[in-house]
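Report on the structure given below.
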Amino acid sequence: MKKTIVLLSILCCTATLFGQQRWTVSHQKKTILKNAGEDEKKNIIVINKATLSLSGCLTIRFKINDGTVNRTLMADDSSRVGLKSWENVKTTISVKNADLKKLFDGRDKLLFYFTEIPKDPAKAAVVRMRPLHICTLVLK
């Protein structure tokens, strides 16, 4: 009986770990977050205002590209107002520093989220989606 409970708990933990989406965030070709999971307190990236004037970009790489879902990346401000969204993101998306500068206009914080919706309309109608936090950019 004890062995069965232990095996079931190990199976549940393994399924939970492998079921989570992972991503890597880079800025100016430097990896800042690697194998990151959803954690709003840990996934904070501080960016200098001067680096936004340089050429370069913020790159988000997802570990898994599941062809059965449509992935949407969203940028919000601190009051959760949607500023911009990118549809059908595959494994990598790059946001240029010039675009980040426009998004930061008058703000000091940007929050990036993503959602995944099944491509099959029957499944999409049943699934409840919630935005998953990727990272928070703080302008210094």
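Values in this text are rule-based calculations from the coordinates and carry no lab data. On a predicted model such as this, the values are computed, not experimentally measured, just so you know. No Cβ is skipped: glycine too gets one built from the backbone with ideal geometry, and neighbour counts run over all protein chains shown.
Things to note:
- If you wrap the tightest convex hull around every Cα atom of the stretch 21-78 and split its volume per residue, you get 116 Å³.
- Measuring between alpha carbons in the structure, the pairs from LYS42/LYS140; LYS90/LYS119; LYS49/LYS101; LYS30/LYS63; LYS102/LYS140; LYS42/LYS96 lying more than 19 angstrom apart are LYS42/LYS96.
- Think of the chain as a dipole: +1 on every Lys or Arg Cβ, -1 on every Asp or Glu Cβ, centred on the Cα centre; then among LEU73, GLY56, HIS133, GLY56 lies furthest on the positive end.
- Rg and Dmax of the stretch 49-130, Cα atoms only, in Å: 14.7, 48
- Packing-based ranking, highest mean first, of 93-101, 126-134 given that Cβ atoms within 10 Å are counted: 93-101, 126-134
- Using only side-chain charges placed at the Cβ, +1 for Lys and Arg and -1 for Asp and Glu, the dipole size of the chain relative to its Cα centre rounds to 380 debye.
- Based on C-alpha pairs under 8 angstrom that are at least 6 apart in sequence, the chain has a relative contact order of 27 percent.
- Value of D in µm² per second that Stokes-Einstein yields for the chain, Kirkwood Rh from Cα pairs, at 20 °C (1.002 mPa s): 129
- Compared with the dominant principal axis of the Cα atoms in the chain, helix 2-18 is inclined by about 30°.
- Extension gain, SER53 back to MET74 (0.36 nm per residue minus Cα-Cα distance, nm): 5.3 nm
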